[in-house]
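The values are calculated or read from the model by the stated rules, or taken from the named source; none is laboratory data. Just so we're clear, the structure is a prediction, and the values are computed from it rather than from any experiment. Note that we place each Cβ from the backbone using ideal geometry, even for glycine, and neighbour counts take in every protein chain shown. Only protein heavy atoms, including side chains, enter the accessible area calculation; ligands, DNA and RNA are left aside. Shrake-Rupley method; radii C 1.70, N 1.55, O 1.52, S 1.80 Å.
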Amino acid sequence: MRTALNLAIVCRMRNARLKSIAVVSAILLLTGCGLQVPKDPEGTLDRVTDGVMRVGVTENPPWVELDGSGEPAGSEPALIARFADELGAEIEWTDGSETALLEALERGELDVVLGGFRDDTPWVDLGAITRPYREVEGVDGMERHVMIVRLGENGFQVALERFLDEAERS
């Protein structure tokens with residue numbers, strides 16, 4: 001009986017080792033095949049890099065200011081312009097109401113929406129908020145500001161967040 005128990009233990013250990021080897025092999029194989037994590041199901045970062053970044057803006061001074069010239073001003077358009085430059089991208093600006101812009105973002109017609117949004121924005125059903133990139137004293141205390149990107153486009157969001165982190169430090 002004891003021999004059968006020892007044999008069962010040895011078999012389980014071998015199976016566990018084989019499973020570990022299989023998992024490690026699969027990870028190495030997928031890494032070698034160019035697996036990207038995080039991933040953009042719609043390919044936003046790849047499309048925008050050396051292409052066109054579609055940016056929605058809604059007026060909320062000093063974050064976003066619209067003067068009718070087609071080129072928005074303010075701290076957020078300046079930041080996203082630097083991010084676009086880093087990616088080699090041109091910007092296609094679209095201005096409108098928060099509702100119209102976030103619905104366009106959800107449909108995939110925009111890549112990012114700017115408008116002085118805070119991390120408690122009610123728009124989280126239509127877009128993904130970046131990590132807060134700036135904190136300022138507001139009327140009701142500290143405001144943590146974010147930008148809103150298309151849901152699920154995690155590679156693009158991570159690239160933007162890394163840029164915002166570096167821009168805030170400099």
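For a paramagnetic label modelled at 7 Å from the Cα of Val136 toward its Cβ, which residues of the stretch 62-86 fall within the zone defined by backbone nitrogen distances under 20 Å?
Correct set: 62-68, 71-83.
What whole-number value in Å² describes the accessible area per residue of the stretch 117-170 for a 1.4 Å probe?
Roughly 54 Å² per residue, with all protein chains present.
Can you pull the one-decimal nm distance between simple spin-label points at Glu59 and Arg118, each 7 Å off the Cα toward Cβ?
Placing both labels 7 Å beyond Cα along the Cβ direction yields 2.2 nm.
Can you give the local net charge around Glu59? Use residues other than it whose beta-carbon is closer than 9 angstrom to its beta-carbon, Lys and Arg +1, Asp and Glu -1.
Summing Lys/Arg as +1 and Asp/Glu as -1 gives -2.
Beta carbons within 10 angstrom, averaged per residue: use that to sort the peptides 102-108, 62-68, 146-152, highest first.
146-152, 102-108, 62-68
With unit charges on the beta carbons (Lys and Arg positive, Asp and Glu negative) and the dipole taken about the Cα centre of the stretch 79-149, which residue among Leu101, Ile91, Val139 sits farthest to the positive side?
Val139
Suppose every K and R has +1 on its Cβ and every D and E has -1 on its Cβ; what is the size of the dipole of the stretch 105-170 about the Cα centre, in Debye to the nearest 20?
160
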